[in-house]
Amino acid sequence: MVPELSVSRRTRSTPFTSRVDAAGVQAYTVYNHTLLATKFRGFVEDYWHLCEHVQVWDVSCEKQVAISGPDAYRLIQLMTPRDLSKARIGRCFYVPLCNPQGGIVNDPIAIKLSDNDWWLSIADTDVMLWAQGLATGLKLDVTVTEPDIWPLAVQGPKAEELMARVFGESVRDIKFFNIKPMYYQGVAMQVARSGWSKQGGFEIYVNDASLAGPLWDQLFTKGQDLNVGPGCPNLIERVESGLLSLGNDMGYDTTPLECGLGQYVDLEADIESLSLPALRQLPPKRELKGLVMNQACKISDSQVYIDGVFVGEITSHAFSPKYGVHLAFVLCSLSVLGANLKLDIQTDTGLQEGLLTSLPFNFNALGLAPNP
Ligand code: THG
């Protein structure tokens, strides 16, 4: 029997939930205390549809932590080791948030709306409390709130065409990780070219609950000939794309240097950041690597050993229908990782060999070509 999920006021619904239910959602998870769909027609069907057409995702669970006031930049810079001192208005930045030990507190998109107004579009931990605690303790001149904003993602190769039909041609001019206000029924809402897939697309930061249903319906009406469908972040697509999930692939006990987010850590920057001293000193103990197995498998033990010695832990995995291989992320101990790049993985049908590789997966270099 599949257990049910009991939903009360503690688990927030969203202004799109009635539409998501009506669209035939098959499974939900809870993210930032909010419902998030994980499956509509099936992981594989959803995957191919996302890669070939366009999907509308209720990602209201990506809560916005709004930080406003003269010390807004200072607070955000304290929270992240990425140098935001030269950030321009209207830009989005993928930023690890780290504690003074270097551990990852969250991995939001930071959005600079004006010099004194920033949003953190957060993953699944209570960043508002952490930010309010810092602001209180350090007596910063800021307000930290979680405003009523419900992001709606439009993802897939036909996303730009659909968005242009609903928001007008100028939406095509928005560059990757840029954001600007667009009008929907006379209401300005921020629209960014971003989203948790590598199939391209946009995120609409819906700020008026009464427009949520009409906007959802219009995307479906105007996208009929584009084969628009309901969707959600897809496990297969995000593993293939090397997108990391907080709580699965990283968390308080991993640093961004260990899980491949080193490009978002500015060790040399002359900035005031809580985690930089630790990140500069701590040598990484582990490294998140890719793992490729040449057939679909049911992994029965996420712990991985070489000759009986623990080498790491599988944090996420999925079979890739496009490349015909089973892909995984493994958090490996550096101390035992030598030149040995072959690992034995415990599966339901016995040991299966896997090849360790770098992330993001470079399918070309691995000699893998996509299925048509
Ligand atoms: N969109 C919005 N909010 C979010 C997410 C999102 N909050 C939660 C979660 N997702 C945050 N995590 C990520 C992880 C990766 C990316 C975005 C949010 C991402 N990365 C690109 C990449 O890895 O190629 C680009 C990063 C860059 O170059 O700056 O898009 O999806 N609103």
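The values are calculated or read from the model by the stated rules, or taken from the named source; none is laboratory data. Since this is a predicted model, take the numbers as computed values, not measurements. Here Cβ is always computed from backbone atoms with ideal geometry, including for glycine, and neighbour counts include all displayed protein chains. SASA here: full protein model, heavy atoms, side chains in, ligands and nucleic acids out. Shrake-Rupley method; radii C 1.70, N 1.55, O 1.52, S 1.80 Å.
Close Cβ contacts (under 8 Å, 6 or more residues apart or on different chains) running from residues in region 37-50 that are more than 15 Å from Glu240 (Cβ to Cβ) to residues that are part of a helix (DSSP H, G or I) comprise Ala37/Val20; Thr38/Leu235; Lys39/Asp46; Phe40/Asp46; Arg41/His49. Only one of the listed residues (Asp124, Asp225, Asp115) is more than 14 Å from the ligand (Cβ to nearest atom) and touching a residue at least 40 places away in the same chain (Cβ under 8 Å). That residue is Asp115. Here region 77-93 is the region considered, the condition is being more than 17 Å from Leu261 (Cβ to Cβ) and in contact with a Phe, Trp or Tyr (Cβ under 7 Å, 6 or more places away or on another chain), and the residue that is surrounded by the fewest Cβ atoms within 10 Å (Cβ to Cβ) is Arg91. For region 55-62, the criterion of a residue being among the hydrophobic types (A, V, I, L, M, F, W, C) and part of a loop (DSSP other than H, G, I, E, B) is satisfied by at least one position. Across region 76-93, not a single residue is classified as closer than 25 Å to Leu235 by Cα, within 16 Å of the ligand (Cβ to nearest atom), touching a residue at least 12 places away in the same chain (Cβ under 8 Å) and not in a strand (DSSP E or B).
Could you tell me whether Thr349 is among the polar types (S, T, N, Q) and within 30 Å of Leu138 (Cβ to Cβ)? Here the answer is no, as Thr349 does not meet what is asked. The condition (being in contact with an Asp or Glu (Cβ under 9 Å, 6 or more places away or on another chain), β-branched (Val, Ile, Thr), over 22 Å from Arg19 (Cα atoms) and buried (at least 21 other Cβ atoms within 10 Å of the Cβ)) is satisfied by just one residue among Val171, Val154, Val144, Val191: Val171. When each of Gly242, Gly200, Gly247, Gly251 is tested for being without any contact (Cβ under 8 Å) to a residue 60 or more places away in the chain and either more than 21 Å from Met163 (Cβ to Cβ) or within 16 Å of the ligand (Cβ to nearest atom) (or both), the lone residue that passes is Gly200. The numbered conditions (1) buried (at least 16 other Cβ atoms within 10 Å of the Cβ); (2) closer than 26 Å to Glu52 by Cα are all true for Asp266 except (2).
Of the listed requirements (1) open to solvent by 20 Å² or more (accessible area, probe 1.4 Å); (2) under 27 Å from Leu140 (Cβ atoms); (3) in contact (Cβ under 8 Å) with a residue 40 or more places away in the chain, Lys285 misses just one: (2).
Contact map, region 95-109: residues that are over 12 Å from Asp126 (Cα atoms) and within 14 Å of the ligand (Cβ to nearest atom) paired with residues that are outside any loop (DSSP other than H, G, I, E, B) and acidic (Asp, Glu), Cβ distance under 9 Å, separation 6+ or inter-chain. Pairs shown: Ile109/Glu203. So, in region 148-191, exactly how many residues are near the ligand (Cβ under 10 Å from one of its atoms) and free of Cβ contacts under 8 Å to residues at least 60 places away in the same chain? The number of residues fulfilling the criteria is 1. Remark: Ser194 matches the filter, which requires a residue to be within 12 Å of the ligand (Cβ to nearest atom), touching a residue at least 12 places away in the same chain (Cβ under 8 Å) and either touching a Cys at 6+ places or on another chain (Cβ under 6 Å) or not aliphatic (A, V, I, L, M) (or both).
When Tyr305 is tested against (1) touching a Ser or Thr at 6+ places or on another chain (Cβ under 9 Å); (2) surrounded by fewer than 18 Cβ atoms within 10 Å (Cβ to Cβ); (3) more than 30 Å from Val54 (Cβ to Cβ), only condition (1) is not met.
Among the residues of region 325-341, none qualifies, meaning not one is within 16 Å of the ligand (Cβ to nearest atom), of a type outside the set (S, T, N, Q) and not in a strand (DSSP E or B). Selection of region 33-76 for residues being under 18 Å from the mean Cα position of the chain (by Cα), open to solvent by 30 Å² or more (accessible area, probe 1.4 Å) and aromatic (Phe, Trp, Tyr) yields only Phe43. Residues of region 256-288 that are in contact with a Ser or Thr (Cβ under 7 Å, 6 or more places away or on another chain) and outside any loop (DSSP other than H, G, I, E, B): Leu279, Arg286.
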